[in-house]
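Here the structure comes first, spelled out in structure tokens, and everything after it is commentary.
Since every read-out is calculated from the coordinates, none of them should be taken as a lab result. Bear in mind the structure is a predicted one, so any value in this text is a computation, not a measurement. Cβ sites come from the backbone with ideal geometry, for glycine too, and all protein chains shown count toward neighbours.
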Amino acid sequence: MGYLQAIITGIPMTLLVTVAGFTLGAIGGIPLALARRSRFAVLRIVARTVIEFLRGIPPIVWIFLIYFGIGTGAITISPLGAAIAAFGVISCAYMAEIYRGGLSAIPAGQWEASAALGMGHRDQLSKVVGPQVLRVSIPASATYAIGLLKDSSIAYTVGVQEILFNADMQAKQASDAIVPFLYAALVYVIITIPCAWAARSLDSGLRRKVAR
Amino acid sequence: MSLSDWAENYPALLSGLWVSIRVTALALGIGMPLGLLLALSANSPKKVLRYVTIGVVEIGRGTPALVVLQIVYFGLPTVDVTFSSFFSAAIALALTTAAYTSEILRGGLQAVPSGEVEAASALGMVNRDTLRFIVIPQGVRVAIPPLMGFAVLIFQASSLAYTIALPELMSQAYSTGSSTFRYMSILGLAGLMYAAITIPASWLTGRAERRMARHL
């Protein structure tokens, strides 16, 4: 049981990396999604390239690039900072694609009706379409956030003291290489499964509140 | 700074990339058939089998691939089951693949209209033949685009095998970086190599999706 207690102390750090990374992505994804469907071709291409590279390169490479690549230069970055920054930028790309999917799910009638009311493009986005996009994006975002929680275990490779890091410490101290990791798996499953159920019920609830 | 580093070190990274590709191929080759088995038993009429399978899949999907990897590589030897780092990585990724692809394939199998199953049984086909000739071929076809998307993710996840000292792309990049202290350029090159595979692969996935959408 000593193992489990030690592993549990890593939960706040896992949640911190996940929530901070996700929040950065949820905010940064908005301009990226808008740039992705901008009127200007250059902006569109730049946004698309950025998204493709952020999603196409494994998270561990991004963490190492930020921690060792940038961190050994002029500025030093803590492991936690590097992990949050890495998951933050990756999340920007994934969230931008989720928002883009949400945007295309909004019926053209919503744009037309708001234009008929004399709204400018900015108002259409911020008052009519935007709120609906956020709403249809919630289920996909929740699924992404759950995936991110599991991916946050990668932060252990640079020494962030989250769940897997603590399990690894226990494994080394007790030279028991299996039980601590099984407990770590249990802790992840216990956190993620209820989240997945909640996401599923959110999904069915929110679909009703969007125009079609 | 970069170009000379790249010219000097790209052979090591390329050999790492080849290991990454082989691990991914083996993981998918073992994992996807397992995933199909899990998908079939998750749809089974036998209640116990169904619940056990769903439980196994939920645990498999809830556990991070990195944790599975640690259990297979460091944990199993304590019960006298030892694999090389290559097979440990392949097995761990295969288990994750099985759990995730079973859900993808289950969706595909459920997309086969029930009228087809009824028609098959009206023709006197036994259940096994219905599955083999009617449901599986159509269900798997529907699942191809999401399976391709998942394969790209598993290729990326093969970078986790760096933690068990498998000489794949990530560990080659890291060990080169830590001997030259040129992390930025070497990791950058590794990132580009990953992207050179994943970006075209995700384009292909997108094309497969659009083609499939035309047939539905």
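How much net charge surrounds residue B:198 when only the other residues with a Cβ under 12 Å from the Cβ of residue B:198 are counted, with Lys and Arg +1 and Asp and Glu -1?
My count for the surroundings of residue B:198 gives 0.
Helix B:136-157 axis versus longest C-alpha principal axis of chain B: approximately 20°, rounded to the nearest ten.
For chain A, the longest principal axis of the Cα atoms and the long axis of helix A:79-105 meet at an angle of about 30 degrees. Spin-label model, residue B:15 to residue B:49: label points 7 Å out along the Cα-to-beta-carbon direction sit 4.8 nm apart.
Loop-located chymotrypsin sites (Phe, Trp or Tyr not before Pro) in the range B:24-122 (DSSP state not H, G, I, E or B) with no more than 16 neighbouring Cβ atoms inside 10 Å: B:83. Oblate is the label for the range A:2-209. Its Cα gyration tensor axes, ordered a ≥ b ≥ c, give a/c of at least 1.5 and b/c at or above a/b. Between the helical axis of B:85-110 and the longest alpha-carbon principal axis of chain B there is an angle of about 30 degrees. As a length-normalised measure over Cα pairs under 8 Å and 6 or more apart, the relative contact order of chain A settles at 31 percent. Of the trypsin sites (Lys or Arg not before Pro) found in the range B:148-215, no site is in coil according to DSSP while having at most 11 other Cβ atoms within 10 Å of its Cβ.
Once the chain from residue B:78 to residue B:37 is taken as fully extended at 0.36 nm per residue, the excess over their C-alpha distance is 11.9 nm. Determine which residues of the range A:158-198 fall in the zone a paramagnetic label at residue A:8 would reach in this model, i.e. backbone nitrogen under 17 Å from the point 7 Å along Cα→Cβ. Label zone hits: A:162-164, A:166-167, A:170, A:180-192.
Rounded if a/c is under 1.5, else prolate if a/b beats b/c, else oblate: with a ≥ b ≥ c from the C-alpha gyration tensor eigenvalues square-rooted, which is the range B:2-215? It is oblate, given that a/c is not under 1.5 and a/b is not larger than b/c. The spacing between the range B:115-167 and the range A:1-73, judged by their C-alpha centroids, is 30 Å. Ordering A:171, A:185, A:91 by the projection of their Cα atoms onto the charge dipole of the range A:87-212, which places +1 on the Cβ of Lys and Arg and -1 on the Cβ of Asp and Glu, puts A:91 at the extreme positive end.
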